[in-house]
Amino acid sequence: MWVNPASAGGTNEQELFTRGIYGADGYYAGIGGGTGASRGKFFLTGSSGTVGYTSTANAAAGVWQHVVFVNVSGNSGGLNIYINGVSQSVTSYTGFPTSSTRTAYLATYDGAAGSFFGGSMDEVRASNTVRSADWVTAEYNNQSSPSTFYAVSNFVSLAGSTKGAGFVF
């Protein structure tokens, strides 16, 4: 997803997406608030409320950033956070966020006043496929600067063709 937070590191955390209820089940991802170590950083946590994974890079207010959360080892715990195509060093976590049948939310959290995301989001996607580091980097490069990601060549005619022009593969 692409996010452009109006602010980063305020009093309240800003939820990017959530599914579940705090202390019961599910998972929460956002930008940390308050005075803790996750303040101003991207995070993912489980229902216990303990911040499980925190990026090393800070969220930047007023700047578009491409953020991807990838579960790399199922429920055994293993998550990568990518910011602008670069994998972040993340804090360790003893448990992985649990599954939930509850409603999923974007830019808010069910039941937590003041945890709304302030800013803009674009290209939000959810997938049940584990994405490789190369895939995440290619996606970022393609979306951040498409003209440098691929090239379109001039049309090439086939010399001596009686059927007209065509493409050379």
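Every read-out reported here was derived from the displayed coordinates using simple, explicitly stated rules and does not represent laboratory data. Quantities reported herein were computed from a predicted structural model and do not represent experimental measurements. Cβ placement follows ideal geometry from the backbone for every residue including glycine, while neighbour counts extend to all protein chains displayed.
Length gained on full extension, Asn58 to Asn141, computed as 0.36 nm times the residue gap minus the Cα-Cα distance: 27.9 nm. Summarising the amide proton neighbourhood of Ala8: residues at separation of 5 or more, or on other chains, whose placed amide H is nearer than 5 Å comprise Ala61.
Each other residue within a Cβ distance under 9 Å of Trp2 adds +1 if Lys or Arg and -1 if Asp or Glu, for a net charge of -2.
With neighbours defined as other Cβ atoms within 10 Å of a residue's Cβ, the residues Trp64, Trp135 order from fewest to most as Trp135, Trp64.
Multiplying the residue separation of Val152 and Ser87 by 0.36 nm and removing their Cα-Cα distance gives an extension gain of 20.4 nm. Under 5 Å between amide hydrogens, built in the peptide plane, is the criterion, and for Phe117 it picks out Glu15, Thr108 among residues at least 5 positions away or on other chains.
Extension gain for Asn128-Leu106 works out to 6.2 nm (0.36 nm per residue, less the C-alpha to C-alpha distance).
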